[in-house]
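Peer 1: Mind looking over this structure? Questions follow.
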């Protein structure tokens, strides 16, 4: 781009628009930010996902823009105190927003895996009760099927939505998180990927915009790639 980009204006305009969309999604789920939802109709689940996925991608690109020029230092690693158990005794943790795009999976490029038999062979010896398969423990019983109420679990989608809102409300902190993430990747010998953005179209994008979030994502996507370019000034 030959013109000067007003990064602060771009961040404010798109973050304000995303906040309105996030509040709308919370209202669709019947949430006010303090209660929880467990099961919802599949149609509602699909409708929320169609907006949530591009909203997450747009926010991820807003964080890339906000992290432009941010300089951080990594804290020295310290051993875990004795007796401390991760995830115990602290109540429910706040969901953390994922800073990088999920990469596409290409099964045709994977190494072929050797398939093994699901169960051990039933080898018998002469004599009563001398079967080798008795040495393996019996399979656990299958869990009871969910009640046929026609609803789907909404806890994961609600947690993703909460992570989206928390990150959107504190972009400077998320920008520092991303700067530290990139610094750690640069110091790794052979990371799987270094960029928080995957090549090609972002997750949740649509070629023909069908919602306001699609326009936001398209704008943030172009700005984010500009922000990732090295500063030559």
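Read-outs throughout are calculated quantities, based only on the coordinates presented, and are distinct from any laboratory measurement. Keep in mind that this is a model prediction, so the values were computed, not measured. With ideal geometry, Cβ positions are generated from the backbone for all residues, glycine too; neighbour counts draw on all protein chains shown.
Peer 1: For residue 151 and residue 207, compute 0.36 nm times the residue count separating them, minus their Cα-Cα distance, and round to one decimal in nm. Write out the running numbers ahead of the final one.
Peer 2: Working: separation 56, 0.36 × 56 = 20.16 nm, distance 3.05 nm.
Extra length available between residue 151 and residue 207 comes to 17.1 nm.
Peer 1: How high is the FRET efficiency from residue 185 to residue 12, r the C-beta distance, R0 25 Å, rounded to 0.05?
Peer 2: On the way: r = 28 Å, r/R0 = 1.13.
E between residue 185 and residue 12, to the nearest 0.05, is 0.30.
Peer 1: Gap in Å between the Cα centre of region 159-184 and the Cα centre of region 208-222?
Peer 2: 20 Å
Peer 1: Still on this structure, please answer the following. Taking 0.36 nm per residue of sequence separation and subtracting the Cα-Cα distance, how much length would be gained by fully extending the chain between residue 170 and residue 192, in nm to one decimal?
Peer 2: In short, 5.1 nm is gained.
Peer 1: Same structure again: For residue 73 paired with residue 104, estimate the spin-label separation in nm (one decimal), with each label point 7 Å from Cα along the Cα-to-Cβ line.
Peer 2: 4.2 nm
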